[in-house]
Amino acid sequence: MSATDTIAVTTTILPADAPGLAAAAAVFARGGLVAFPTETVYGLGADAADAAAIARLYQAKGRPAFNPLIAHVADLAAARRIGRFDATAERFAAAFWPGPLTLVLPQADGCPVADLATAGLDTVAIRVPAHPVARALLAAFGGAVVAPSANISGHVSPTTAAHVAADLAGRIDLILDGGPVEVGVESTIVGCFGEPTLLRPGGVPSEAIEAVLGRPLARPAAAEAHASEQPLAPGMLASHYAPRATVRLDASAVAPGEAVLAFGPVTLPGASDAAAILNLSPSGDPAEAATHLFGYLRSLDASGARSIAVMPIPHDGLGEAINDRLRRAAAPR
Ligand code: TXA
Ligand code: MG
C-alpha cells in the first residue's frame with residue numbers, strides 16, 4: 001500500500017462566509033488543509049511555516065516533493081518578508097497585484113516559508129491573489145499560505161468546489177465553496193532573479209507584462225522548461241493537466257467517436273457525428289474560453305470518449321496560457 005492510500009480524513013464543505021472563513025483559519029492554525037477559491041483556480045492551502053502540514057499537503061495531492069509551492073500573502077508588505085524584490089519585481093507587483101501573477105524571487109533573510117515548500121531552492125514563488133475569499137482567508141489567518149492547485153497531481157486544475165471534491169474528498173479537511181472562479185487558468189509565473197523570465201504563461205497575458213517591462217520577457221528554451229531533472233518551473237513537466245482521454249490538438253476534422261473541444265464557429269467535417277461537443281467560446285473570446293477550459297476537459301473526459309479533438313485556438317491574450325495547458329494535456333504519457 002502506498003503512503004497516499006492511508007489518508008482518511010472527513011472533508012467538510014462550507015460556504016465561503018464569515019463562519020466558513022473562521023473555520024478555515026482555525027484549520028490552518030492546527031496544521032490542516034483547506035481548499036479555497038482564488039481568481040485563477042481553486043488552491044489547496046496549508047500554513048506556509050508548518051512543515052508537517054506541507055508534508056500532508058504533498059501527500060494529499062500525491063505531488064512529488066521536488067515540485068515547490070506558491071506562497072500566497074495578503075499584500076506587498078507580507079510579500080517583502082518572503083522574497084527580495086529588485087526594481088523590476090517592484091514594478092510588476094505594483095502593476096499586477098493583487099491578481100493572477102506569481103513572482104519567483106530570491107528568498108528574503110528569515111523567509112518564513114518552510115524549506116519543504118520551496119523544495120530546497122534558494123528562490124520562492126509569491127502571489128497576492130485578488131479573489132475576495134482568498135483575501136479574506138489570508139487576512140483571517142494572518143500568515144502566508146502555500147497553495148498548489150487543489151487537484152490530484154497531474155489532473156486538470158479545479159475551477160469549482162465540486163471539482164475539488166471529486167479529486168480530494170476524504171483527503172483534506174475543508175473545502176470553502178466560493179462558486180466558480182473567474183479566470184480559469186493558473187497564474188502567470190515570472191522569475192525575477194536575473195533577467196525577467198516567463199516561467200509559465202497564465203492569467204496575466206505576457207503582452208501586458210512586457211508592456212510594463214518595456215521589452216520581451218526571456219523565455220526558457222523548451223527543452224529546459226520541460227526537462228524532468230532541473231526544470232526552471234519544476235511543475236511544468238510536459239505531461240501535466242492530463243485527462244484520461246487522448247487529446248488531439250489543432251483538429252481540422254472529427255474522427256468517428258471523438259469528442260470535440262470547440263472554439264468559435266464549429267465548421268469541422270464530422271462534427272455532427274461527434275460523441276460530445278463543448279464550445280469554449282462560440283464567439284471566439286480567449287478570456288471566456290479560459291474560464292471553461294478545465295471544466296470542459298473534465299466533462300469531455302467523463303463522457304467516455306477515448307479521444308478529444310481540440311479546434312485551433314489563437315495564441316494572443318489568454319490564448320497563450322490555454323494553448324500551453326492543452327499542449328501539456330496532449331503530451332505523451
Ligand atoms: O494560479 C495559481 O498559480 C494557482 C493558485 C492556487 O494560486 N496555483 C498553482 O500552483 O497553480 P501549482 O503548485 O499548481 O503551480 C505552481 C508552479 C509549479 O509549476 C512550480 O514548479 C512553480 O510554480 N514554482 C514554485 N516555486 C518555484 C520556484 N521557486 N522556482 C520556479 N518555479 C516555482
Ligand atoms: Mg497545479
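The values are calculated or read from the model by the stated rules, or taken from the named source; none is laboratory data. Because the structure is a prediction, the values reported are computed rather than measured. In this analysis, Cβ positions are derived from the backbone assuming ideal geometry, glycine residues included, and neighbour counts consider all displayed protein chains. Just so you know, the surface numbers come from the protein's heavy atoms only, side chains and all, with ligands and any DNA or RNA stripped out. Shrake-Rupley method; radii C 1.70, N 1.55, O 1.52, S 1.80 Å.
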Cβ pairs under 9 Å, 6+ apart, first in segment 180-203 and in contact (Cβ under 8 Å) with a residue 40 or more places away in the chain, second in a strand (DSSP E or B) and of a type in the set (D, E, K, R): E186/R200; S187/R127; S187/R200; T188/R200; I189/R127; I189/R200; V190/R200
Residue in segment 143-187 that is farthest from ligand 1 (Cβ to nearest atom), counting only those that are assigned to a strand (DSSP E or B) and in contact with a Ser or Thr (Cβ under 7 Å, 6 or more places away or on another chain): L174
Scan of segment 114-127 for residues that are touching a residue at least 40 places away in the same chain (Cβ under 8 Å), surrounded by fewer than 24 Cβ atoms within 10 Å (Cβ to Cβ) and at negative phi, ordered by number: A114, D115, L116, T118, L121, T123
Test: residue in segment 29-36 that is touching a residue at least 60 places away in the same chain (Cβ under 8 Å), within 16 Å of ligand 2 (Cβ to nearest atom) and either over 23 Å from P132 (Cβ atoms) or basic (K, R) (or both): no
Residue among I82, I172 that is touching a residue at least 24 places away in the same chain (Cβ under 8 Å), under 25 Å from F294 (Cβ atoms) and not charged (D, E, K, R): I172
Yes/no for F66 being modelled with pLDDT under 95 and either open to solvent by 30 Å² or more (accessible area, probe 1.4 Å) or more than 14 Å from ligand 1 (Cβ to nearest atom) (or both): yes
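Residues are listed down the side, and each one gets a yes or a no for (1) within 15 Å of ligand 1 (Cβ to nearest atom); (2) within 19 Å of G142 (Cβ to Cβ); (3) under 22 Å from the mean Cα position of the chain (by Cα):
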position	(1), (2), (3)
A23	no, yes, no
A51	no, yes, yes
A77	no, yes, no
G110	no, yes, no
T118	yes, no, yes
